[in-house]
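Chemist: Let me give you the structure first, and then I'll get to my questions.
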Amino acid sequence: MDASTSGTSSVQYHNIAEQPIATIVTSPVSTFQRQVRHCFGNATPGEFPLSANPSIVLHATCSFFRQPANFAPDNELSLAELAAFDMCRKRAIFKPMIQEQRQDLKGKCGGSWKLVLRFLLAGEACSRRGNSHAVAGPGHSVAVSSKGVAYSFGSNSSGQLGNGTTEEEWRPHPIRSLQGIRVIQAAVGAGRTMLISDTGRVYAFGKDSFGEAEYDVQGNKVVTTPQLVESLKDIFVVQAAIGNFFTAVLSREGRVYTFSWGNETKLGHQTEQADLEPRALLGALENVPVVQIAAGYCYLLALACQPSGMSVYSVGCGLGGKLGHGTRTDEKVPRLIEQFQTLNLQPAVVAAGAWHGAVVGKDGRVCTWGWGRYGCLGHGNEDCESAPKVVEALSNVKAVYVATGDYTTFVVSDDGTVYSFGCGESSSLGHNTAAAEAQGNRHSNVLFPEVVTSLKQLNERVVQISLTNSIYWNAHTFALTESGKLYAFGAGDNGQLGVELSANQTERAIPERVDIDLS
């Protein structure tokens, strides 16, 4: 474009003595009127169609490289917005959306396709949906391969394995009635299982009630094969989380729904214990898209995506300070945890243990809060922390993943090293080496983060940890490697490890390979 339109020259001349223009030009030049050239048409001088409609540039570039441009030209979008929109179109959750749904999501994300893309990518990363993962539930376990095949094993008294029986099984078997259905996420609770398909459908089996306590009111019947949850058929679900007294699901638009809290002082809506109708979570999250949910003992954490960045909200029971607001009071509706702003930390992954919470920041810092019994907060003591506090012992570690259970915490670093701390019962921390057994402290508690050397010796990069998040069951732990290998350790008295134990053996201290390939 003509630089003279700004009134001053944008070109700097060096080593040229200033002199009249007439002495530089040796021959007369006829006077002429400046013309502005355009790519096409007779547009008004000064306009530049390519800048007015940058999607033409992107279409031309795609054509040059013989790549299809999967969108129509849009003269209201910048190049960056068009590129972000094209990347959104390639995400599995975004593809089936109609135009109205896409625009609605764009509005919730701040009116930008770049923010929509950040929302989609954040959800995929923090919950591993669509990727292989394992869930160490109370008494039984579920593992999902990258191809969407779900395997179950362990306790089956309520049909929670989904294999049509109530017989316990330690060998992992695919859930055959789901053949042809691609599972992207699994949630496991005491006596129940929920699986999410790539089409947003939810299948549940085990105890027929979503809302009863683990050892309180029993469901009226037992469901031994996966059944479609009819009340969710109009909601495209991407994640589920099962807590005590309630279950929560997350829609692809970032809306949170809950079942059966049974008390309006907990989530702001009144339900019955056996209520199967989903209720949208009220309060601050009504118009804020959520990318991940995590359920603990009578409380829920939600990782939200806002134009200003990522944030965490909590709601429910505040016992032990586990809601992270600096108090131990309950919260009826979701409330923003403000401490992360004070710490200048952008949350990237959130985890809800039975009594404590944890977050990994974008910069790799780890924060924990709540009831610090057995050292599960990693601060070197058993004190309660009612607001998120950085784990200083991990200051030299760049964390990428965190998992919490009943007074236990695991952290995975960017190089695949695993750290654990908290309650050492059931050998679920992975520190029970031969030396520890010789000293008689196989089940000792760990107050500071320690490297899980038994996993380090595998020479496999660990990408996910899952551990039992229940106050009623002995805990076990899964470690999933980058190559899709699954290792288990901890309590295995119901077959929940997926490995065969010798006679009179109820737990395994050293990680053992589970005979399934999740790659």
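Chemist: Examine segment 218-236 for a residue that is at pLDDT below 90 and surrounded by 21 or more Cβ atoms within 10 Å (Cβ to Cβ), and state whether such a residue exists.
Modeler: No, there is no match, as no residue in segment 218-236 is at pLDDT below 90 and surrounded by 21 or more Cβ atoms within 10 Å (Cβ to Cβ).
Chemist: If you don't mind, there's one more thing I want to ask. Hey, could you check segment 332-367 for residues that are within 17 Å of the chain's Cα centre (by Cα), β-branched (V, I, T) and within 18 Å of G316 (Cβ to Cβ) and say which is surrounded by the most Cβ atoms within 10 Å (Cβ to Cβ)?
Modeler: Among residues in segment 332-367 that are within 17 Å of the chain's Cα centre (by Cα), β-branched (V, I, T) and within 18 Å of G316 (Cβ to Cβ), the one surrounded by the most Cβ atoms within 10 Å (Cβ to Cβ) is V359.
Chemist: Considering each residue of segment 89-135, count those that are closer than 30 Å to K485 by Cα, open to solvent by less than 70 Å² (accessible area, probe 1.4 Å) and touching an Asp or Glu at 6+ places or on another chain (Cβ under 7 Å), and give that number.
Modeler: 1
Chemist: Still on this model: What's the number of the only condition in (1) over 17 Å from K108 (Cα atoms); (2) among the β-branched types (V, I, T); (3) open to solvent by less than 20 Å² (accessible area, probe 1.4 Å) that V290 fails to meet?
Modeler: The number of the failed condition is (1).
Chemist: Being in contact with a Phe, Trp or Tyr (Cβ under 6 Å, 6 or more places away or on another chain) and either hydrophobic (A, V, I, L, M, F, W, C) or open to solvent by less than 10 Å² (accessible area, probe 1.4 Å) (or both) is the filter here, so list the residues in segment 368-386 that pass it.
Modeler: Here is the first cut: in segment 368-386, the ones in contact with a Phe, Trp or Tyr (Cβ under 6 Å, 6 or more places away or on another chain) are 370-371, 373-376, 378, 380, 384-385.
Hits for segment 368-386 are G370, W371, G375, C376, G378, C384.
Chemist: Find the residue count for segment 156-168, including only residues that are surrounded by fewer than 23 Cβ atoms within 10 Å (Cβ to Cβ) and within 26 Å of A354 (Cβ to Cβ).
Modeler: Qualifying residue count for the region: 2.
Chemist: Further question on the same structure: Quick check on my filter: what residues within segment 463-512 are under 24 Å from E167 (Cβ atoms), part of a strand (DSSP E or B) and over 25 Å from the mean Cα position of the chain (by Cα)?
Modeler: Listed by number, the residues that qualify are A491, E507, R508, E512.
Chemist: Out of T271, T265, T258, which single residue is in a loop (DSSP other than H, G, I, E, B), at pLDDT below 90 and under 21 Å from L323 (Cβ atoms)?
Modeler: Numbers: T265 fails: in a loop (DSSP other than H, G, I, E, B); T258 fails: in a loop (DSSP other than H, G, I, E, B).
Going through T271, T265, T258 in turn, the sole match is T271.
Chemist: Mind listing whichever residues of segment 394-409 are out of contact with any His (no Cβ under 8 Å at 6 or more places or on another chain) and over 16 Å from A348 (Cα atoms)? Talk me through it step by step, then tell me what you get.
Modeler: Of all residues in segment 394-409, those out of contact with any His (no Cβ under 8 Å at 6 or more places or on another chain) come to 394-403, 405-406, 408.
Correct list: L394, S395, N396, G405, D406, T408.
Chemist: Taking strands (runs of 3 or more DSSP E) that do not extend beyond segment 118-212, which have at least 3 residues that are of a type in the set (A, V, I, L, M)?
Modeler: Numbers: elements: 133-136, 140-144, 150-154, 169-174, 183-189, 192-197, 202-207.
Where strands (runs of 3 or more DSSP E) fall fully within segment 118-212 and carry at least 3 residues being of a type in the set (A, V, I, L, M), they are 133-136, 140-144, 183-189, 192-197.
Chemist: For residues that are assigned to a loop (DSSP other than H, G, I, E, B) and of a type in the set (G, A, S), scanning just segment 395-412, find the one that is surrounded by the fewest Cβ atoms within 10 Å (Cβ to Cβ).
Modeler: Taking segment 395-412 first, the residues assigned to a loop (DSSP other than H, G, I, E, B) are 395-398, 405-407.
Restricting the remaining residues to those that are of a type in the set (G, A, S) gives 395, 405.
Details: S395: 10, G405: 31.
Selected residue: S395.
Chemist: Write out, first by first residue and then by second, each pair whose Cβ atoms fall under 9 Å of each other, whose residues are 6+ apart or on separate chains, and whose first residue, in segment 342-356, is free of Cβ contacts under 8 Å to residues at least 12 places away in the same chain while the second is surrounded by fewer than 24 Cβ atoms within 10 Å (Cβ to Cβ) and assigned to a loop (DSSP other than H, G, I, E, B).
Modeler: Filtered contacts from segment 342-356: N344/D363.
Chemist: Can you tell which of V499, V514 is modelled with pLDDT of 95 or more, in contact with a Pro (Cβ under 8 Å, 6 or more places away or on another chain), among the β-branched types (V, I, T) and under 16 Å from P174 (Cα atoms)? Write out each step before concluding.
Modeler: Working: V499 fails: in contact with a Pro (Cβ under 8 Å, 6 or more places away or on another chain).
Result: V514 is the single residue among V499, V514 that is modelled with pLDDT of 95 or more, in contact with a Pro (Cβ under 8 Å, 6 or more places away or on another chain), among the β-branched types (V, I, T) and under 16 Å from P174 (Cα atoms).
The values are calculated or read from the model by the stated rules, or taken from the named source; none is laboratory data. Given the structure is predicted, the values throughout are model-derived calculations rather than measurements. Cβ sites come from the backbone with ideal geometry, for glycine too, and all protein chains shown count toward neighbours. Ligands, DNA and RNA are excluded from the accessible area calculation, which covers all protein heavy atoms including side chains. Shrake-Rupley method; radii C 1.70, N 1.55, O 1.52, S 1.80 Å.
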